[in-house]
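This report refers to the structure that appears directly beneath it.
Bear in mind that the values in this text are calculations on the coordinates, not laboratory data. Remember, it's a predicted structure, so these values are computed and weren't measured experimentally. As a convention, Cβ positions derive from the backbone with ideal geometry for all residues, glycine included, and neighbour counts pool all protein chains shown.
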Amino acid sequence: MGKKKEGKKDAKKDKKPKEVDPATLPQPLKEAKGAFLHNEFILDVDEGRTVTHLRGGTSDAALGVSVFSAGRHGWRVVIDKTSNGSAYGIVIGVADATPNVRLTNMFGGAAWGIHTSSARFVSTLDCYERGYLGEPLMAAGLDGSIGLKNSALGVSVWIEVDMDQRSLSIGVDGGSVVRTPVRLPAAVRPWVLLSWEGDQVTMQPPEVLPPSTAANELFDF
């Protein structure tokens, strides 16, 4: 009996650990060719300020190279193409860019923005997922609907951060710029979430803005 037990122990000791396919592990995001960092399912075009999604049904994030930690900054993201006309699944905003966030092709840290088809505020712990949908950031249209619905093509989303106040404000297609209910971390970067094949957006270069005044801030969403 003793010999049999020893044989089983030796067999367990000699058993090789299971090999892990490196491709299944989180990979660093590929080097940016322009304004964004992202994985292989997003393609850079137009000098890297325009990104196109290469697969449908799975969300992928594009994260801006620019990092903002002080002052007030704004940039515009234009919806160039959308597979269903309503930009369903496209989210535009900012992601956490503090040094402790290690960006990979499977995780990009917390993020905040606007879900374009419904115009609702988004808050997520992982910018590869849409996360929580909050209150609308746009007023209802004449028909009572809120969001872009079937009119998203060519629409621009204005993103504005005041890093001295840690605030995020968003405006859609020239409409009112609305301050969102979030206190940003110490540093943020542009963020776009794409969900359907063929969806495409262009980010215009960020602008340095003058300090904000109370008169410029709207909270009535």
Of 64-76, 106-118, 33-45, 186-198, ordering from highest average Cβ density within 10 Å down gives 106-118, 186-198, 33-45, 64-76
Distance in nm between Glu40 and Tyr132 label points, each 7 Å along Cα→Cβ, equals 3.6
Under 5 Å from the placed amide H of Val178, counting only residues 5+ away or on other chains, we find Ile170, Gly171
